[in-house]
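See structure below.
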Amino acid sequence: MILTGLCRLGRNAELRYLPDGTAVANLSLAYNYGKKDQEGKRPTMWLSATLWGERATKLAPYLLKGGLINVVMGDVHLETYEKRDQGGTGTALKGRIDTIEFASSKQDGASAPARPATTGADYKAGKEGGARPAQPKQPGGFEEMDDDIPF
C-alpha cells in the first residue's frame, strides 16, 4: 500500500546505524484526515516511518519536531505489538519513506536551521564536529569588474 500526504513531525528524527553501516532515521508522523469536528479539528492518525541511507544521514538534522513535510510512503502496513503498561496488544501503522519534501520549517515561515558542522562520515565514526566544506568565493561588486568588455 502507498500513502501520500502532508504530515507533521511528532518528534525529532532518531538517526541510527545498522551493523553494516546503513543509516536509518526513524520518524513519528501526525497525519490529519477527514472532516473537521465541531471544534474545528480533524482526526489525527500517527504513523511510524523510516528514511534510509544517505538521505537519512543528510536530512535527519533538519527533521525536527513540529516540521511539516510532504511524503510518499511505500510498504505501508499495520504491525501489532504488546503494550507495556496496560497489557494486551496494540497496532501501529508503519512505512518506508520513498519521497520527502519540506513544506515548512518547525515554525511556519522561519528559516531552515544552519547546516550542521558534522559530515556523514563523522556520524558513522561517532565523531563530533567534522571539517566544514570550503565555501565558494562570493562575487564582488561592479568595482571589481574588468573595464574591457569583449563586445
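The values are calculated or read from the model by the stated rules, or taken from the named source; none is laboratory data. Note that the structure is a prediction, hence the values are computed from the model and not measured. Cβ sites come from the backbone with ideal geometry, for glycine too, and all protein chains shown count toward neighbours. With ligands, DNA and RNA removed, areas are computed over all heavy atoms of the protein, side chains included. Shrake-Rupley method; radii C 1.70, N 1.55, O 1.52, S 1.80 Å.
Structure above, values below:
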quantity	calculated
Test result for GLY5, under 15 Å from GLU101 (Cβ atoms) and open to solvent by less than 90 Å² (accessible area, probe 1.4 Å)	yes
Within region 15-57, considering residues that are part of a helix (DSSP H, G or I) and not basic (Lys, Arg), the one nearest to the chain's Cα centre (by Cα)	ALA56
Members of region 62-97 that are of a type in the set (A, V, I, L, M, F, W, C), open to solvent by 50 Å² or more (accessible area, probe 1.4 Å) and part of a strand (DSSP E or B)	LEU78
Yes/no for ARG16 being surrounded by 11 or more Cβ atoms within 10 Å (Cβ to Cβ), farther than 16 Å from PHE102 by Cβ and of a type in the set (D, E, K, R)	yes
Residue satisfying all of: in region 32-61; of a type in the set (Phe, Trp, Tyr) and at pLDDT 90 or above; least open to solvent (accessible area, probe 1.4 Å) among these	TRP52
Any chance ASN12 is farther than 15 Å from GLY95 by Cα, within 10 Å of the chain's Cα centre (by Cα) and at pLDDT 95 or above	yes
Residue in region 51-66 that is β-branched (Val, Ile, Thr) and more than 23 Å from SER104 (Cα to Cα) present	no
Residue that is nearest to LEU51 (Cα to Cα) [pool: residues in region 98-108 that are open to solvent by less than 50 Å² (accessible area, probe 1.4 Å) and assigned to a strand (DSSP E or B)]	ILE100
